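Every number here is computed from the coordinates shown, using simple stated rules; none is lab data. All of these numbers come straight from a predicted model, not from anything done at the bench. Here the Cβ positions follow ideal geometry from the backbone for every residue, glycine too, while neighbour counts run over all protein chains shown.
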Amino acid sequence: MTDQPADLTWIRAAPEDEPGPGPWIEIAFGEGDLVHLRETSDPENVVTTTRTKWEAFAKGVRAGEFDHFTEPATGSGPARVSD
């Protein structure tokens with residue numbers, strides 16, 4: 001768990017038309033180059049990274065580098081999300 005500034009503005013990564021409570025991932029840009037992430041179901045558990053690392057991750061998402069995590073699970077690899 002990370003101490004987090006009280007004045008962060010959290011942005012929820014959820015479809016605008018989604019009625020459910022989630023859980024959703026939220027992101028907040030802090031002072032300097034800090035980026036904070038949390039899950040709505042556990043808001044006290046915050047992961048902090050740098051803006052450079054966050055931008056590299058976002059670039060990878062846009063490039064499809066993580067698409068394999070949404071494929072049906074096969075074998076004994078990491079758990080994968082499917083619809």
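Being in a loop (DSSP other than H, G, I, E, B) and not polar (S, T, N, Q) is the filter here, so list the residues in region 1-12 that pass it. Listed by number, the residues that qualify are Met1, Asp3, Pro5, Ala6, Asp7, Leu8, Trp10.
From the set of residues in region 13-46 that are assigned to a loop (DSSP other than H, G, I, E, B) and among the hydrophobic types (A, V, I, L, M, F, W, C), which is farthest from the chain's Cα centre (by Cα)? So the residue we want is Ala14.
With respect to Gly32, determine if the residue is within 20 Å of Thr9 (Cβ to Cβ) and surrounded by fewer than 11 Cβ atoms within 10 Å (Cβ to Cβ). Taking the combined requirement at face value, the residue satisfies it. Counting only residues that are part of a strand (DSSP E or B) and either loosely packed, with under 12 Cβ neighbours inside 10 Å or in contact (Cβ under 8 Å) with a residue 40 or more places away in the chain (or both), region 47-72 holds 2 of them.
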